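To start, the structure under review is shown below, and the notes come after it.
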Amino acid sequence: MSQRRPTMKDVADLAQVSKSAVSLAFNDAKKLSEATVANIMEAASTLGYTADPAARMLRTRRTDSLGLLLPQQLDRVLENPYYSLFLQGIGQVCQREGFTLLLAPPLRGSMLKAIPYAAVDGFIVTGLEYDRGEVSALRRRRIPFVLVDSEWHDDVSSVDIDDGAAMEEVVRYLLGLGHRRFAFVAFETGTDGGYANWKGAALRRIEGASRALAASGLSLADPGMHVLETPNTRQGGANVFRALWSGDERPTAIVAFSDIIAVGVLDAAREENVSVPAQVSVSGFDDLIESVWTSPSLTTVRQPVATKGRLAAEYLVEVISSTGEAPTHQHRLSTALLLRESTGPAPA
């Protein structure tokens with residue numbers, strides 16, 4: 001038969017203090033002397049007492065936890081090294097400010113359903129448009145949130161990059177190498193009707209590509225152009241390459257919207273004995289650590305992923321901790337095109 005769980009009164013009796021002193025030791029120790037806190041903690045350790053987090057949440061109406069609202073299931077997210085860097089940035093703030101982090105993937109296929117079940121003080125929302133149902137639900141519930149890679153709005157803090165300008169630079173560089181047949185490979189957008197209906201980062205990137213093509217008298221609708229979506233995984237990139245290379249109109253340049261997709265493309269090209277960049281050039285987007293290790297090393301766009309996570313977490317903690325109206329931040333981070341071995345002149 002299990003023993004009775006020790007209570008706050010048991011700790012108070014053993015430490016010979018009041019119950020309110022025990023409560024302060026666990027919740028606001030600065031109001032007690034160091035000796036009193038040490039005495040109470042020693043008594044709690046002897047009894048095996050821990051504070052009840054549910055009771056604390058009811059009392060303070062705080063969980064001291066940040067939520068990361070994810071657009072994919074956890075297995076897909078953890079497969080992508082991008083999120084490892086993003087979480088590093090958030091983790092730095094959580095450790096410094098005394099917060100925990102809760103990952104909130106879609107519940108039964110719906111991000112909207114995940115929101116009410118997450119016991120957090122606020123959310124970092126990644127890759128969603130402002131007008132999505134999830135964002136509207138957060139506003140109705142008055143839950144603090146910060147947007148990452150979304151549109152800017154006056155009343156919500158945001159962190160992003162200029163996706164369109166970054167992609168425009170990639171395509172201009174490849175056009176300068178003589179490429180005229182492109183495959184643009186985006187991560188899945190969840191929309192129907194083609195790229196004209198994309199939103200968020202995917203739309204901004206394909207618009208940047210379109211601008212670069214137009215400056216050279218080309219269009220996404222021209223023969224030899226491909227615009228595709230694939231799961232944002234290494235396998236997704238490999239599958240796209242095999243589909244492209246088995247077709248009649250092979251591209252001379254494959255422009256992936258993420259490094260993890262590009263790495264999958266390189267995997268499949270190597271398996272099919274296709275030389276990169278002699279037969280096809282490949283570029284990515286993110287500058288993950290893996291992009292330097294690939295063979296050949298990957299031309300890509302560097303974006304400060306960890307900084308995105310850190311700033312988003314700092315802005316969210318600021319809103320949560322504010323006793324009045326917290327300031328709104330819109331922060332656009334810089335990117336850089338990194339030229340490596342996976343791109344070269346278009347084959348004759």
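Points worth noting:
- Taken along the Cα-to-beta-carbon direction at a fixed 7 Å, the label points for SER216 and THR50 span 5.9 nm.
- Calculated over segment 281-341, the projected area of the Cα convex hull averaged across directions stands at 4.8 nm².
- Take the Cβ atoms of THR100 and ARG242, set R0 to 41 Å, and the FRET efficiency comes out at 0.45.
- THR191 versus ALA137: modelled label distance in nm, points set 7 Å from Cα along the beta carbon direction: 2.1
- Once divided by 2.2 N^0.38 Å, the Cα radius of gyration of the chain becomes 1.25.
- Modelled spin labels at ALA348 and ALA35, positioned 7 Å past Cα toward Cβ, are 9.1 nm from each other.
- For the chain, the share of DSSP beta bridges that are antiparallel, to the nearest 5, is 15%.
- Phi-derived couplings, Karplus 6.51 cos²θ - 1.76 cosθ + 1.60 at θ = phi - 60°, listed residue by residue for segment 176-193: x, 8, x, 6, 9, 10, 10, 10, 9, 10, 9, 6, 4, 9, x, 10, 10, x Hz, with x used for Gly and Pro.
- If you count Lys pairs in the chain whose Cα atoms are under 21 Å apart, skipping same-chain pairs closer than 8 places in sequence, the total is 6.
- Low-density loop cleavage sites - trypsin sites (Lys or Arg not before Pro) in segment 105-161, where at most 13 other Cβ are within 10 Å (DSSP): ARG108, ARG141, ARG142
- Formal net charge of residues neighbouring ALA346 (Cβ-Cβ distance under 9 Å; K, R +1; D, E -1): +2
- GluC sites (Glu not before Pro) restricted to segment 304-348 and DSSP loop, no more than 11 other C-beta within 10 Å: GLU325
Since every read-out is calculated from the coordinates, none of them should be taken as a lab result. Because the structure is a prediction, the values reported are computed rather than measured. Quick reminder, even Gly has a Cβ in these numbers, built from the backbone with ideal geometry, and neighbours come from all protein chains shown.
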